[in-house]
Amino acid sequence: MNWNSILPAMLTHLEITFLGVLAGCVIGLPLAALLVRTPRLQRVVFAVVDALQTVPTLAMLTFVMLIFGLNDSTVVVTIFLYSLFPIVRNAYVGLTSVDAGTIRAGRGIGMTPLQIFTMVRFPVATPMILSGIRLAIVSALGIAATGVFIGAGGLGMLIWRGIQTRNTVMMLSGAIPVSLLAVLFEYAIGFAEKKLTKKTVHTGGIR
């Protein structure tokens, strides 16, 4: 199997993965911020995202397929639904982990709620937010590989064709890139988390 076959499949795989996780960020991060302001919604929102996380991948793909059909969109939506759990939970934990004294100090010097959020809560929460995104991406890479069962493209197609034809080289040409991508994003985003965590600890307070 040459790179002329692997590269397009890898690009499709990454596109599906990032579109799903991006949608999770666009919805999940504002939702987490909303939960900080309206605690009454916490139980409902967390109950929903927790329930979504318990649905098996193939079952979720089947449910979503009934609406979006046999295509890449079904996998993107499925990844989006699964991404909500780590993104919303981690962002919420990060945003609520700011010391209450720091928040009071911000109010005391006249900072508006928006300024407190953008200059105090968000910088402190950034490492936790990145952690949630990291978990979502690593999980999404695996989910995208199962999208072959509902007609989606990506590296899962190479794995499935290899299984059908008993072609070990073809199977590995899909499995190895998926594994390497997962390891790459795990360490790259994890490295960024550690750097930002150290920066937050050293700078601290209100800037």
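List of remarks:
- Across the range 63-77, the qualifying residues are those that are hydrophobic (A, V, I, L, M, F, W, C) and open to solvent by less than 90 Å² (accessible area, probe 1.4 Å), and the one among them that is nearest to Gly153 (Cα to Cα) is Val75.
For every residue, the table says whether it meets (1) open to solvent by less than 30 Å² (accessible area, probe 1.4 Å); (2) farther than 29 Å from Leu184 by Cα.
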{"position": "Leu61", "(1), (2)": "yes, no"}
{"position": "Ile79", "(1), (2)": "yes, no"}
{"position": "Tyr92", "(1), (2)": "no, no"}
{"position": "Ala100", "(1), (2)": "no, yes"}
{"position": "Ile109", "(1), (2)": "no, yes"}
{"position": "Phe117", "(1), (2)": "no, yes"}
{"position": "Arg121", "(1), (2)": "no, no"}
{"position": "Ile129", "(1), (2)": "yes, no"}
{"position": "Gly153", "(1), (2)": "yes, no"}
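- Of all the listed residues (Val21, Val36), the sole one being open to solvent by less than 40 Å² (accessible area, probe 1.4 Å), within 22 Å of Thr96 (Cβ to Cβ), in contact (Cβ under 8 Å) with a residue 40 or more places away in the chain and out of contact with any Pro (no Cβ under 6 Å at 6 or more places or on another chain) is Val36.
The values are calculated or read from the model by the stated rules, or taken from the named source; none is laboratory data. No experiment lies behind these values; they were computed from the predicted model shown. Ideal geometry is used to build each Cβ from the backbone, glycine not excepted, and the neighbour counts take in all protein chains shown. The area values use the complete protein model at the heavy-atom level, side chains included, leaving out ligands, DNA and RNA. Shrake-Rupley method; radii C 1.70, N 1.55, O 1.52, S 1.80 Å.
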